[in-house]
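The values are calculated or read from the model by the stated rules, or taken from the named source; none is laboratory data. These numbers were taken from a predicted model, which means no experiment stands behind them. As a convention, Cβ positions derive from the backbone with ideal geometry for all residues, glycine included, and neighbour counts pool all protein chains shown. Quick note on the areas: whole protein, heavy atoms, side chains included, nothing else; ligands and nucleic acids left out. Shrake-Rupley method; radii C 1.70, N 1.55, O 1.52, S 1.80 Å.
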Amino acid sequence: MVAALALAVVQLGCSKQSTLEPESEPARQIAALWWWMLAASVVVFVGTVALLAIAWLRRGRPGLPLLGEREGASTALVVLFGFVLPVISLVVLFVVANLGVIKTTEAPSASTTTLRIEVIAHQWFWEVRYPGTAAITANEIHIPARTRVDVHARTADVIHSLWVPQLNRKIDMVPGHPNRVLFYANRPGRYRGQCAEFCGLQHAHMALYVFADPPAAFRAWLANMARSRPSAASGPAQRGERVFLSNACASCHTIRGTPARGEIGPDLTHLAGRTTLAAVTIPNRRGDLDRWIRHPQEVKPGNRMPALNLSRADYQSLVAYLETLR
Ligand code: CUA
């Protein structure tokens, strides 16, 4: 149990999700602005604390110990720290943020991007579509590295917020208001993202990965993702497909190439190709997949997947089937 937990931590924890380790120009500018804001607030904070200390030292005595009895010295200090410095730092930060960072991080014009993807937020997973292809997946977004990707985001239910801090700013997904953001990764890698707006019980388990692939690998991934389910299953997997189609699974999930056309849960056509389950909550391994299907409300309380009362053999063949969906 401890070993399994440790492995899960290693597997899930090795992706970074830090605004201070940017992997794109927009994210770099956000990080730089953050450091400048930190520096400015340190100056203001230190100045304020120093004034407070001076006031404490001179309590009960007239005149400032540092400035003697010079007339107007305390007024000058109050004006400097109470007015001049705050105005200068706020104006400078406002100008830098508005002329630089907001422009760089805002939604791109379509002509400057080479790929468009759609991200639809659900309680609690991310549906991902690649317009112009049949590809639909969930929670693990693949993009080509060093490519400007136009991300069209919307929500299917409540307010969510899409945020992959190493790639760009966060955007809200408000019902009825589609939103857009630029994804760009300087180099191939796996970047963790997170829903950044409280959206219900499992808000904290609404994470995602962005895999920035070398362009050729991305094209191969997309071509596979656009295909229907792998050719007809055999053995336990074939039995598992019957279990899937004859139970509630098929009314909530789609597996392209079968009669399963449900749209409540994620598209499972290539489930086995994902590295995680339940929006990056658990790794996608046989034992975890089995536990997820048997006890969905233990793994992720409040999610919409019900536990089915299947026989042991049915569960086993269901897992065997799902593992063939590459
Ligand atoms: Cu979706 Cu928080």
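Things worth noting here:
- Here the Karplus relation 6.51 cos²θ - 1.76 cosθ + 1.60, evaluated at θ = phi - 60°, turns the backbone of region 197-203 into coupling constants of 9, 4, 10, x, 3, 9, 3 Hz, with x for every Gly and Pro.
- Backbone HN-Hα couplings from phi across region 132-144 [Karplus 6.51/-1.76/1.60, Hz, Gly and Pro as x]: x, 10, 8, 5, 9, 9, 8, 6, 10, 8, 9, 9, x
- Across every pair of non-identical alpha carbons in region 235-322, the mean reciprocal distance, once inverted, gives a Kirkwood radius of 13.0 Å.
- Peptides 111-118, 196-203 ordered by average Cβ neighbours within 10 Å, highest first: 196-203, 111-118
- Rounded to whole numbers, the Karplus 3J(HN,Hα) couplings from phi for region 73-84 are 5, 5, 4, 4, 5, 4, 5, 5, 7, x, 10, 5 Hz, using 6.51 cos²θ - 1.76 cosθ + 1.60 with θ = phi - 60°, and x at Gly and Pro.
- Fraction of accessible area attributable to carbon and sulfur, the chain (%, probe 1.4 Å): 63 percent
- Kyte-Doolittle at least -0.5, axis length at least 30 Å by Cα - qualifying DSSP helices, the chain: 25-57
- Calculated FRET value between Val174 and Ile102, using beta carbons and R₀ = 22 Å, to 0.05: 0.70
- Remark on Met173: its backbone amide H falls under 5 Å from those of His160, Ser161, Leu162, a criterion applied only to residues 5 or more positions apart or on other chains, H modelled at 1.01 Å from N.
- Cut-off 20 Å, label 7 Å out along Cα→Cβ of Val84, residues of region 12-51 by amide N: 40-51
- GNM on the chain, alpha-carbon springs under 10 angstrom: the most fluctuating residue among Gly60, Gly176, Gly82 is Gly60.
- What separates the Cα centres of region 122-142 and region 259-301 is a distance of 14 Å.
- Segment Glu263..Ala50, full-extension length gain: 70.6 nm, with 0.36 nm per residue of separation and the alpha-carbon distance subtracted.
- In the chain, the calculated helix contribution to ellipticity at 222 nm averages -11000 deg cm²/dmol per residue, counting -39,500 (n - 2.57) for every DSSP H run with n ≥ 4.
- Simple spin-label estimate for Ala134 and Ala76 gives 7.9 nm between the two label positions (7 Å along the Cα-to-Cβ direction from each Cα).
- Cα-based shape type of the chain, given that a ≥ b ≥ c are square roots of the gyration tensor eigenvalues and the cut on a/c is 1.5: prolate
- Solvent-accessible heavy-atom area per residue, rounded to whole Å², over the chain at 1.4 Å: 52 Å²
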